[in-house]
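The values are calculated or read from the model by the stated rules, or taken from the named source; none is laboratory data. Here the structure is a predicted model, which is why all the values come from computation and not from measurement. Neighbour counts run over all protein chains shown; Cβ positions are idealised from the backbone, glycine included. Ligands, DNA and RNA are excluded from the accessible area calculation, which covers all protein heavy atoms including side chains. Shrake-Rupley method; radii C 1.70, N 1.55, O 1.52, S 1.80 Å.
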Protein chains: 2
Amino acid sequence: MDDYKVRFIPLGGVVGVTKNMYLYELYTNDELTDILIVDCGMGFPDAKEFGVDLIIPDISYLEDKLDKIRAILITHGHEDHIGAIPFHYDKLGTPQIYAPKLAKVFIQNKFKEFNQPIHIQDVDFKKWIKLGGFEAKYIHMTHSIPDATHILIKSPVGVMYHGPDFKLDLTPPYSKYPDFYEIISAGHDGVLCLLSDALGAEREGLTLSESIVGETFENEMRSTKGKFIMTTFSSNISRIKQCVDAAIKFNRKVVFLGRSMKQNTEAAKDLGYMNIPHTLKGKEEEISKIPPNKVCIIAAGSQGQYDSALSKMARQQNKYIKITEGDKVVFSSDPIPGNEHEVYALIEELSLQGADVIYSDIQDQLHASGHGSQEDLKFLARFTNPKYLLPIGGTIRHQRQYERLMTEDLDFKKEQLFLIDEGDTVWFTKTKAYKGDKVETKNVYVDAYGVGDIGNVVLRDRQTLSSEGMVVGVIVLNQTGQLVAAPKFFSRGFVFEKNEEDLFNKAGLLIEKSLNASKGVMVDGDNYKRKIGRELEDFFFQERGRRPLVLVDVIQV
Amino acid sequence: MDDYKVRFIPLGGVVGVTKNMYLYELYTNDELTDILIVDCGMGFPDAKEFGVDLIIPDISYLEDKLDKIRAILITHGHEDHIGAIPFHYDKLGTPQIYAPKLAKVFIQNKFKEFNQPIHIQDVDFKKWIKLGGFEAKYIHMTHSIPDATHILIKSPVGVMYHGPDFKLDLTPPYSKYPDFYEIISAGHDGVLCLLSDALGAEREGLTLSESIVGETFENEMRSTKGKFIMTTFSSNISRIKQCVDAAIKFNRKVVFLGRSMKQNTEAAKDLGYMNIPHTLKGKEEEISKIPPNKVCIIAAGSQGQYDSALSKMARQQNKYIKITEGDKVVFSSDPIPGNEHEVYALIEELSLQGADVIYSDIQDQLHASGHGSQEDLKFLARFTNPKYLLPIGGTIRHQRQYERLMTEDLDFKKEQLFLIDEGDTVWFTKTKAYKGDKVETKNVYVDAYGVGDIGNVVLRDRQTLSSEGMVVGVIVLNQTGQLVAAPKFFSRGFVFEKNEEDLFNKAGLLIEKSLNASKGVMVDGDNYKRKIGRELEDFFFQERGRRPLVLVDVIQV
């Protein structure tokens, strides 16, 4: 009889919240036969990651296993679950992608930007899809975006319940409530491991329904004499839809601002998730001609991004739209950790312009989390009744809290839980589960100029630059390695120019001395530069107590 | 093809909260063929029902239909679901009774008091029981008592989900969490009507797990230097078990006080629901010899009943147990509406004796409701996804709130809901449901002396007695109807004795006059008494402005 094993590898998503990407590997008689990829999302850099626009999962582990990849299964359309597909699709050998409706359109829109067509398979709920030695079945779930799903992954060792980002929303603003029958039937038939969202594990009770936000929009709109401006993530179609509905109720023309906001709402309209009567479709250019109390602007920029539509309005840089007294700006999303400073600065700026700014610190029901709280998480565990549990989508803190919930509130044993770090692997056989070796992963950084050419060194340099400044030294030598002129220095962000002269003279003497010491030895460019660089670093530290980034260039004439 | 109809008749339970008794009738071609009875509970009199010990459902509707009764299905062991069985069992023709374990033992204990053996069928969960034209299937549910159930009732017109008293407790102190698979499978296969508990429809969120109370007991016990005394309903086995567990943890001997408390805990121990090490089983008589901080007393009397074990202790009438400084008394149940006065009086009395009294006004987590809150109720409706909904087990106010929940929060239509009063009937066919004629029911009152011999007249009398007092007149006549002596009067609670003489003399003259007027007519005892009675009532009202209860006795010598 064949011996089967399944290995679970998170390439992202288990500790960083974002850049979700998970692998399920099937081994038959210790030979890797099939790989399923679930989600392929981007991460958001935190404040320590200078100048990085986004982070994507590291797929180098997969490079020599492309022929084993059976599919990418997408759970829902949030960026941290689909955002890395354009970067990785070709490198993964253009595998077939399955995605629920809204996610499908979002992914297709991304590929349009690159002028690359992409075929995405529709999801047939309640049916097993055969994928090599695996089978997968999608289950309808609720989250803060329509068409959110969970996935059952069946293999010869058992069924894994892949349960990312969800809350049990009995009254989602549209789409249906979770498919309890499928979830509980899975549990009834036997679930080997539940991989559960854990981000809300610290919050008591059940998470509020998305619908609560609709009421809040109505109440806030009712009391707004001027323009009503709402901002949230552009993928938060549920939220946007509820704001649109309120606008329709109060007869306000709806205007979308921001590229992604326009694109996503266009997609949502196409899918029938949003319906705006023709008379209430507004345009940016005409806003100044409409009475303010007949305007509803839905703008990107809820994270305080400098270049966003909302930030530009706040700085009065939108030539059609001026923020004035009587306007109301509603933030319907919380700052992502790390963005607090930018968000509060934007709130200040908007307030300065006279707008009434509403955000979740002062209004409870502006933002219902998309993630289940303790009771949601407990229900899912009870429904699926798994042999093992593995929290995903939270930080270590959330994982631990999830473990506490499952072992103290519910009656699971610690041995049934796996708390894992990125790249950690877990093996499953028919009879047991255990941690395997780590798979090496690193963050792959993307900025405006390219993918992956920013590494940890670049980031360290940027950090140094930001805190210690830089000094550039230029040394001109003749062919025999003698100084042609005194070394030249210039600096930025290091010390005041007035104080530099004396310091740099000393530094020049240091270089002369160093050159004399190595006299007779041919100058080896790179080594020499490094050596001088280190000496200068130490020198500046002794003299000024700082370690600026030191760049030395040697020119031989 | 045969034409089928099902009629639902609540003989109790739909508006009074208690005395739950429901009928399901099956009609084949308009002829009644089968009746199922669900529950047969007692009600608790309110303050207007003077001297009544309890109320039981009126089964006169069933008197000529005994041959159609297929079974009594009991959902759980609370008094308001089983308490009327001893009064009705024989009159119903000793039908077969199905009951889950704990309820079965509780019912058997009741019959032991009457020295009558009774056979009760065990419940086989997950299996359909054939009962005439009906089939029934029990589903494991959670409430504040172990072995709580819901019942599916299948008939040719569809499946009714009979869902009384429940909360979705994911962590019941013992027994398992609800059988979600069975519930949702019912919904998946199609539920014609959900009959749902509605008592918690006003409370937001999910109801707390029963387990929360265990933690509270531990915390309260930890800080108690003297005796720890806990009181709750004697059927609240979950609660009692958690107190016992805390006592074991703190090495306190457990003593049960009160007849029903002893009986029920004995039954629970027999069923394995409670385990007390031999060394911690205490006796009332030995308490004075044990250090107070090694004692845990669990006493009946949480409703302030005058004759209860707890009330007697409070009045220092227990010869073995004295309440003293350092003792703590924990009320782990709220007053039933109408009992507030007695409960607070008891709390005062206990406090006066020096005990530290803890009750839910000052401690939130002493008492988790056994009834689901809004989210529990919404979950059940989503799980079962019924065509019609019918709230039971609440008052009109709760029914309305349930309707609001289902139609505003969820998306059911008002036409799908039936809000009904006791005796109201609802007809179900394969295609529709509609209200039928009312079935006449009245309250059947029980006091220490008998069943049903207290009617509304008795209650009115008791009310009169309590507010206006009474006057008894004795008239002695000879065989020809002439007064042998002046009529005699005595009174209680009417007017001060000092003022009576003159009044009663006048009354005597009134009677003489009345007798003279009817001279020659043979005295017809009863009529004459009634006539004289009415005349006296009017007379006393004219004279004193009160209407005492007037009793006239005529003795012929």
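Which of the residues spanning region B:151-172 are in a strand (DSSP E or B) and either within 14 Å of another protein chain (Cβ to nearest Cβ) or among the β-branched types (V, I, T) (or both)? B:I151, B:I153, B:V159 - these are the residues of region B:151-172 that are in a strand (DSSP E or B) and either within 14 Å of another protein chain (Cβ to nearest Cβ) or among the β-branched types (V, I, T) (or both). For region A:408-415, check the following and say yes or no: at least one residue is at pLDDT 90 or above, open to solvent by less than 10 Å² (accessible area, probe 1.4 Å), touching a strand residue (DSSP E or B) at 6+ places or on another chain (Cβ under 9 Å) and away from chain B (no Cβ under 11 Å). There is no residue in region A:408-415 that is at pLDDT 90 or above, open to solvent by less than 10 Å² (accessible area, probe 1.4 Å), touching a strand residue (DSSP E or B) at 6+ places or on another chain (Cβ under 9 Å) and away from chain B (no Cβ under 11 Å).
Within region A:5-54, the set of residues being more than 20 Å from A:G93 (Cβ to Cβ), open to solvent by less than 10 Å² (accessible area, probe 1.4 Å) and modelled with pLDDT of 75 or more comprises A:V6, A:F8, A:P10, A:N20, A:G43. Does B:A309 qualify as being free of Cβ contacts under 8 Å to residues at least 60 places away in the same chain, over 21 Å from the mean Cα position of the chain (by Cα) and away from chain A (no Cβ under 14 Å)? For B:A309, the condition - free of Cβ contacts under 8 Å to residues at least 60 places away in the same chain, over 21 Å from the mean Cα position of the chain (by Cα) and away from chain A (no Cβ under 14 Å) - is not met. Within region B:514-553, the set of residues being among the hydrophobic types (A, V, I, L, M, F, W, C) and either within 39 Å of the chain's Cα centre (by Cα) or at pLDDT 75 or above (or both) comprises B:L515, B:I532, B:L536, B:F539, B:F540, B:F541, B:L549, B:V550, B:L551, B:V552. Assess whether A:P146 counts as being assigned to a loop (DSSP other than H, G, I, E, B), crowded, with 20+ Cβ neighbours inside 10 Å and within 14 Å of another protein chain (Cβ to nearest Cβ). So A:P146 fails the test. Within region B:294-319, the set of residues being open to solvent by less than 40 Å² (accessible area, probe 1.4 Å) and not in a loop (DSSP other than H, G, I, E, B) comprises B:V295, B:C296, B:I297, B:I298, B:A299, B:A309, B:L310, B:S311, B:M313, B:A314.
Of all residues assigned to region A:280-302, at least one qualifies as being at pLDDT below 95, hydroxyl-bearing (S, T, Y) and touching a helix residue (DSSP H, G or I) at 6+ places or on another chain (Cβ under 9 Å). Residues in region B:463-492 that are modelled with pLDDT of 75 or more and charged (D, E, K, R): B:K488 alone.
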